[in-house]
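Visitor: Here you go, one structure.
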Amino acid sequence: MTAEPFAAKKWSQEAQPPLRAAIAGGGNSCHELLTLLEKAQFHAPVIKILGVFDQDPDAPGLQYAKQKNLFTTTNIEELLGLENLDLIIELSESATLKDKIWRKLPTGVSLIDSKGVSLLRNILRTQTSTGPLPDQIHPQVNKDEEHTQVILDSLPYRIMVVGLDMKVHRVNKTFLREYGHSYEDVLGKPCYEVRYGLDRPCSEFGRECSLIDHLEIIKKKGLVSTYQEYKDKNGETRFDVITIAPIFNEDGEVVQILEASRDDTERIRLQREAQKSNTFFEKVIQSTVDGIVVVDTKGNVLIFNEGMEHLTGYSAREIIDRGHLSSFYDIEVAKENMRKMRSDEYGPPGKLNPTSMTITTKDGEEVPVTLSASIITIDGKEIGSVGVFTDMREVLKMRKELEDANIQLIQSQKIASIGRMAAGVAHEINNPLSAILLYAELLKENLKSNAQHAKDIQEIIDQTLRCKKIVSELLEFSRKSAGKASSFSLEDLINKCLGLLINKEYFQDIQVIKNIEPEMPNILGEMSQLQQVFTNLFINAADAMEGKGKLEIGARYDRSRSMFIIKVSDTGPGIPKEHWDKVFDVFFTTKPVGKGTGLGLSVSQNIVKIHGGNLSFTCPPEGGTVFKVELPLKPFAESSGQDFIIGEEPVFIGLDER
């Protein structure tokens, strides 16, 4: 609500512009001060109360202010935002509120606390009595002077009244006691000599002077409160809280300055130490890699560190000003975690042991995290909670890689067993197969005059050769020995592989497109083994296209990685998604029975890995399959000085003998 400011009654028509003040703290002290202001009669200036604040809407001072049609609020920032405000009168006795007011105090607005107000209240009391009769003026004035001095002497503040000539006119006993002076030592002496032991005005020593620096301000505002830092006679830094008020004559002219001060060194020192500690802890919180969030009991975010910014994509300002815990944290999960912290069934009460969960980023991504949390209490009362969020994406990725490595190890052990078995099978079966072939050839020769018998014998020979081929592939898969590496042209190798296939019947309707980078360096490796890899890829592509389509072969050299990149693309139907993770498995094939053995890609991948490269594939949305072979300029084994271990014999896997 907005209303006309409440003002004390004016005694003089020539008074200075009123001092516009607001009261922070609407308790009994506020009620008493408002009552005194209403009764008091000032020459000048008149104090106008613009508004009253208290967190309790039923506070007596706040209720009295409402009766007087004053602006009232339970929000301190609304009080500080009043227009034309000159002074805040702080009556709450709350250190927290006082510090908040200091931090948010608008420029040009002074602050007087409850101790300073006691001086103002006593002065008001002395002026609320009825004026004396004419024949009693002089005795009454003397009594008032004595009474005023008694009041000043009872104050914990150091009181000093200074004339415009900088001479001390009056002090109280607190002033004398703290400075170790007597009345004779100070009255009539320059204020700078009495206060600081100087022989010239403070301004000549670079110090702030209450009289010179603030005279014009206090003429307009009436009161000025400030902190002053100085060195005492022992060279120690001291801090004084100083409130300066003008004393006017009947014509409204400033004739004296009243200075009320007190030593606030200990509080300032503690405050600065607290600020240092707060700064230190803030830097610790902000520099922590993990996300740290502090919320109040309603879920409003109070602290949101840089780690949390990186984790969620929200800025701290977004969350603190306009957001809520629920912006990134499922509120039902939050309630469940609070229930666990309040229980002793899940660990120490008030604590949440590391718990796996997810949070939601600004972009809607679900991020796996581990949360550790604690309830914050003061004097046994919950005031909020703190949570530490650890990003688990890298940990889970490493865990997945370890699991995959373990699966590969198990698979390698299986393959090793198959290899040992294959070697035995090959040696045991090769001899009888050779005998079958020999006798089949003899029968074919003897029965060549009988076409039907010759055809049957040829089928026996073909099937026997197929058996020998399977055995040969098994043997190839199992055996490793030191092969001879050589330097050769990758383009020549590709052309050689195509030369073996291009005239085959099932390649007649396939369009072959080559896109090979010119002047590539020679590759180092075992040529026959790599020939086996590319021949297998070309045959697989032809089978996938069922003898009709387009086979594209691209090769280039990546100089930044010293890596050859070869792509083999076909226009077939592509590999079904459900088979993607099995393509390189031993004995896995999508070809019809009798068409493939399932060893081709597994052996090819093994050969490429032995050369320090990688074999992978993709299936574009438009169809077909693209196999990519990456081979280093120099194989790892060769470049590291190790033996170059590869298969013994080149076997063209999948090459039908027609």
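Visitor: Could you check the stretch 188-208 and list, in sequence order, the residues that are part of a loop (DSSP other than H, G, I, E, B), open to solvent by less than 60 Å² (accessible area, probe 1.4 Å) and closer than 12 Å to residue 160 by Cα?
Guide: Listed by number, the list holds a single entry, 188.
Visitor: Looking at residue 38, is it surrounded by fewer than 19 Cβ atoms within 10 Å (Cβ to Cβ), modelled with pLDDT under 80 and within 17 Å of residue 120 (Cα to Cα)?
Guide: For residue 38, the condition - surrounded by fewer than 19 Cβ atoms within 10 Å (Cβ to Cβ), modelled with pLDDT under 80 and within 17 Å of residue 120 (Cα to Cα) - is met.
Every residue, every condition in (1) free of Cβ contacts under 8 Å to residues at least 60 places away in the same chain; (2) in a helix (DSSP H, G or I), yes or no:
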| site | (1), (2) |
| --- | --- |
| 354 | yes, no |
| 385 | no, no |
| 399 | yes, yes |
| 402 | yes, yes |
| 433 | yes, yes |
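Visitor: Name the pairs: first residue in the stretch 445-472 and more than 23 Å from residue 427 (Cβ to Cβ), second residue surrounded by 15 or more Cβ atoms within 10 Å (Cβ to Cβ) and charged (D, E, K, R), Cβ to Cβ under 8 Å, at least 6 apart or on different chains?
Guide: Within 8 Å, the pairs are 454/444; 457/444; 458/444.
Visitor: Looking for something open to solvent by 50 Å² or more (accessible area, probe 1.4 Å) and of a type in the set (Phe, Trp, Tyr) - is there at least one such residue anywhere in the stretch 276-290?
Guide: The answer is yes; a qualifying residue exists.
Visitor: A further question on this structure: Regarding residue 409, is this residue out of contact with any Leu (no Cβ under 7 Å at 6 or more places or on another chain), open to solvent by 90 Å² or more (accessible area, probe 1.4 Å) and either modelled with pLDDT of 90 or more or assigned to a helix (DSSP H, G or I) (or both)? Spell out the reasoning first.
Guide: Details: out of contact with any Leu (no Cβ under 7 Å at 6 or more places or on another chain): yes; open to solvent by 90 Å² or more (accessible area, probe 1.4 Å): yes; either modelled with pLDDT of 90 or more or assigned to a helix (DSSP H, G or I) (or both): yes.
So residue 409 fits the description; yes.
Visitor: Quick check, is residue 256 more than 23 Å from residue 317 (Cα to Cα), open to solvent by 30 Å² or more (accessible area, probe 1.4 Å), part of a strand (DSSP E or B) and touching a residue at least 60 places away in the same chain (Cβ under 8 Å)?
Guide: yes
Visitor: Counting only residues that are touching an Asp or Glu at 6+ places or on another chain (Cβ under 8 Å) and closer than 22 Å to residue 603 by Cβ, how many does the stretch 428-465 have?
Guide: Selection size over the stretch 428-465: 1.
Visitor: Under the condition of being more than 24 Å from residue 249 (Cβ to Cβ) and of a type outside the set (A, V, I, L, M, F, W, C), which residue from the stretch 160-182 is most open to solvent (accessible area, probe 1.4 Å)?
Guide: 177
Visitor: Another question about this same structure. Is it the case that the stretch 424-446 has a residue that's closer than 26 Å to residue 585 by Cβ, exposed (fewer than 13 other Cβ atoms within 10 Å of the Cβ), at pLDDT below 85 and within 60 Å of the chain's Cα centre (by Cα)?
Guide: no
Visitor: Within the stretch 378-394, which residues are at pLDDT 90 or above and of a type in the set (Val, Ile, Thr)?
Guide: Within the stretch 378-394, 383, 386, 388, 390 meet the criteria.
Visitor: Sticking with this one: Taking the stretch 249-289 only, how many residues are polar (S, T, N, Q), touching a Gly at 6+ places or on another chain (Cβ under 7 Å) and over 25 Å from residue 159 (Cα atoms)?
Guide: Residues meeting the conditions: 1.
Visitor: Only residues that are of a type outside the set (Ser, Thr, Tyr), open to solvent by 30 Å² or more (accessible area, probe 1.4 Å) and either free of Cβ contacts under 8 Å to residues at least 24 places away in the same chain or under 18 Å from residue 19 (Cβ atoms) (or both): list them for the stretch 104-118, please. Before the answer, list the steps.
Guide: To start, the set of residues in the stretch 104-118 that are of a type outside the set (Ser, Thr, Tyr) comprises 104-106, 108-109, 111-113, 115-117.
Then keep just the ones that are open to solvent by 30 Å² or more (accessible area, probe 1.4 Å); that gives 104-106, 108, 115.
Once the filter is applied, which keeps residues that are of a type outside the set (Ser, Thr, Tyr), open to solvent by 30 Å² or more (accessible area, probe 1.4 Å) and either free of Cβ contacts under 8 Å to residues at least 24 places away in the same chain or under 18 Å from residue 19 (Cβ atoms) (or both), the stretch 104-118 yields 105, 106, 108.
Visitor: Could you tell me which residue of the stretch 227-266 is farthest from residue 193 (Cα to Cα), considering only residues that are within 43 Å of the chain's Cα centre (by Cα) and at pLDDT below 80?
Guide: 227
Visitor: Within the group 560, 639, 616, which residue is open to solvent by 50 Å² or more (accessible area, probe 1.4 Å) and either touching a Lys or Arg at 6+ places or on another chain (Cβ under 6 Å) or at pLDDT below 50 (or both)?
Guide: 639
Visitor: Being assigned to a helix (DSSP H, G or I), under 22 Å from residue 219 (Cβ atoms) and either over 37 Å from the mean Cα position of the chain (by Cα) or not basic (Lys, Arg) (or both) is the requirement here; does residue 85 meet it? If you could, list the steps in order and put the result at the bottom.
Guide: Working: assigned to a helix (DSSP H, G or I): no; under 22 Å from residue 219 (Cβ atoms): yes; either over 37 Å from the mean Cα position of the chain (by Cα) or not basic (Lys, Arg) (or both): yes.
Spelling it out, it is not the case that residue 85 is assigned to a helix (DSSP H, G or I), under 22 Å from residue 219 (Cβ atoms) and either over 37 Å from the mean Cα position of the chain (by Cα) or not basic (Lys, Arg) (or both).
Visitor: Restricting to the stretch 497-529, and then to whatever is without any contact (Cβ under 8 Å) to a residue 24 or more places away in the chain and open to solvent by 60 Å² or more (accessible area, probe 1.4 Å), can you tell me which residue is farthest from the chain's Cα centre (by Cα)?
Guide: Applying the filter and picking the extreme gives 503.
Visitor: For the stretch 291-320, which residues satisfy the criterion of being touching a His at 6+ places or on another chain (Cβ under 9 Å) and surrounded by 15 or more Cβ atoms within 10 Å (Cβ to Cβ)?
Guide: Initially, the stretch 291-320 is screened for residues touching a His at 6+ places or on another chain (Cβ under 9 Å), giving 291, 295, 298-301.
291, 295, 299, 301, listed by residue number.
Visitor: From the list 625, 597, which one is at pLDDT below 70 and surrounded by 15 or more Cβ atoms within 10 Å (Cβ to Cβ)?
Guide: Working: 625 fails: at pLDDT below 70.
Exactly one residue qualifies, and that residue is 597.
Visitor: Could you list, in sequence order, the residues of the stretch 218-242 that are assigned to a helix (DSSP H, G or I), open to solvent by 70 Å² or more (accessible area, probe 1.4 Å) and in contact with a strand residue (DSSP E or B) (Cβ under 8 Å, 6 or more places away or on another chain)?
Guide: Residue satisfying the conditions is 219 alone.
Visitor: Across the stretch 334-350, what is the total count of residues that are touching a residue at least 24 places away in the same chain (Cβ under 8 Å) and loosely packed, with under 15 Cβ neighbours inside 10 Å?
Guide: Within the stretch 334-350, the subset touching a residue at least 24 places away in the same chain (Cβ under 8 Å) is 334, 337-338, 341-342, 350.
From what's left, loosely packed, with under 15 Cβ neighbours inside 10 Å: 342.
The total comes to 1.
Visitor: When residue 62 is evaluated against the numbered criteria (1) open to solvent by less than 30 Å² (accessible area, probe 1.4 Å); (2) modelled with pLDDT of 65 or more; (3) under 24 Å from residue 225 (Cα atoms), which criterion, by number, is the only one it fails?
Guide: Of the numbered conditions (1) open to solvent by less than 30 Å² (accessible area, probe 1.4 Å); (2) modelled with pLDDT of 65 or more; (3) under 24 Å from residue 225 (Cα atoms), the odd one out for residue 62 is (3).
Visitor: Determine, yes or no, whether residue 100 is in a helix (DSSP H, G or I), open to solvent by 60 Å² or more (accessible area, probe 1.4 Å) and modelled with pLDDT under 90. Outline the logic, then answer.
Guide: Working: in a helix (DSSP H, G or I): yes; open to solvent by 60 Å² or more (accessible area, probe 1.4 Å): yes; modelled with pLDDT under 90: yes.
Judged against the criteria, residue 100 is a match.
Visitor: On the given criteria, is residue 323 open to solvent by less than 80 Å² (accessible area, probe 1.4 Å) and modelled with pLDDT under 85?
Guide: Against the criterion (open to solvent by less than 80 Å² (accessible area, probe 1.4 Å) and modelled with pLDDT under 85), residue 323 qualifies.
Visitor: If you don't mind, there's one more thing I want to ask. Say we look at the stretch 517-575 and pick out the residues that are outside any strand (DSSP E or B) and aromatic (Phe, Trp, Tyr); which of these is nearest to residue 603 (Cα to Cα)?
Guide: Here is the first cut: in the stretch 517-575, the residues outside any strand (DSSP E or B) are 517-522, 526-547, 559-562, 571-575.
Cutting the leftovers down to aromatic (Phe, Trp, Tyr) gives us 534, 538.
On the way: 534: 12, 538: 15 Å.
The qualifying residue nearest to residue 603 (Cα to Cα) is 534.
The values are calculated or read from the model by the stated rules, or taken from the named source; none is laboratory data. Small disclaimer: the values here were computed from a predicted structure and weren't measured. Virtual Cβ from ideal backbone geometry, glycine too; neighbours counted across all protein chains shown. The protein model used for the area step is the full one, side chains on, heavy atoms only, and it has no ligands, DNA or RNA in it. Shrake-Rupley method; radii C 1.70, N 1.55, O 1.52, S 1.80 Å.
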